[in-house]
1. Out of Ala94, Ala58, report the one residue that is of a type in the set (Gly, Ala, Ser) and more than 18 Å from the chain's Cα centre (by Cα).
2. I need every pair where a residue in the range 108-128 that is over 14 Å from Ala208 (Cβ atoms) has its Cβ under 8 Å from the Cβ of a residue that is open to solvent by 20 Å² or more (accessible area, probe 1.4 Å) and in a helix (DSSP H, G or I), sequence separation at least 6 or different chains.
3. If you go through the range 130-173 one residue at a time, how many are assigned to a loop (DSSP other than H, G, I, E, B), of a type outside the set (A, V, I, L, M) and more than 15 Å from the chain's Cα centre (by Cα)?
4. Considering every residue within the range 163-184, establish whether at least one is open to solvent by 70 Å² or more (accessible area, probe 1.4 Å) and among the aromatic types (Phe, Trp, Tyr).
5. Looking at the range 114-138, which of its residues are open to solvent by less than 10 Å² (accessible area, probe 1.4 Å) and either among the polar types (S, T, N, Q) or in contact with a Cys (Cβ under 6 Å, 6 or more places away or on another chain) (or both)?
6. Among (1) over 15 Å from the mean Cα position of the chain (by Cα); (2) open to solvent by less than 10 Å² (accessible area, probe 1.4 Å), there is one condition Phe199 misses while meeting the rest; what is its number?
7. Among the strands (runs of 3 or more DSSP E) contained in the range 45-108, which hold 1 or more residues that are out of contact with any Gly (no Cβ under 6 Å at 6 or more places or on another chain) and open to solvent by 40 Å² or more (accessible area, probe 1.4 Å)?
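The values are calculated or read from the model by the stated rules, or taken from the named source; none is laboratory data. Small disclaimer: the values here were computed from a predicted structure and weren't measured. Every residue, glycine among them, receives a Cβ derived from its backbone with ideal geometry; neighbour counts consider all protein chains shown. Side chains are part of the model used for accessible areas, which takes the heavy atoms of the whole protein and leaves out ligands, DNA and RNA. Shrake-Rupley method; radii C 1.70, N 1.55, O 1.52, S 1.80 Å.
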Amino acid sequence: MPVPSLPPAPSLAVVGSTARFPVGRIFCVGRNYADHAREMGADPVREAPFFFTKGPHAILDAGGAQGANLPYPTQTANLHHEIELVVAIGVGGADIAPEAVADHVFGHAVGIDFTRRDRQDEAKAARRPWDMSKSFDGAGPVGAITPGGAPLDGDSAITLDVDGVRVQSGHLGAMIWGEAELVAELSRWQALQPGDLIFTGTPAGVGAVGVGARLVGQVDGLEPVVVTIGDRSVPDNARS
């Protein structure tokens, strides 16, 4: 058998450019909005942020008016949506000071953290890792990246509509840990690299979606993320 060649690296569109942003690693922060922490049964105290990861295969290029198709994942009967602001790293570094974070950020986008909620609940009950509930093909759709390192205004709205009905709504200022704090803290655990994406948490209103659902997620000033849930097959995440 010959040595295999790798598939094309995942990438995302960049607003105002024909160039594409190459995606390396995907980091996510959990329970970063107080209302979401409460709905998940946690105490929304300002504890130190905790992080988990998704594999690069989770990226789904979901920008543009039509967005992308995500076939309903296998091994779940309870697929949940979580709308999030995504920070794209352009300059790597470790132990980054909060006031220097903007110098490392390439831009921002809107993403959805899809979760096999039933599998996550089972893993939590068994005190096992829940990686497979968060990291699967197409589990991280992201819209086009808008360049700019400065953090977005805290008054910026973040919303998700499913089939035209608003199901998640909040504003970025409600994050327990702000963007600069999150990036700085993550850089103390892991040296950041160009191409890293950081999902920054979701407001309340997470819930299940089924086949045929159309999701449109937005953050003020950014391009939307658009996803349609299709029948089970291979996800449309091969665009690069």
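1. Values: Ala58 fails: more than 18 Å from the chain's Cα centre (by Cα).
After ruling out the rest, the residue left standing is Ala94.
2. Ala123/Met132
3. Total satisfying the criteria: 10.
4. no
5. Matches in the range 114-138: Thr115, Gln120, Ser133.
6. (1)
7. 51-54
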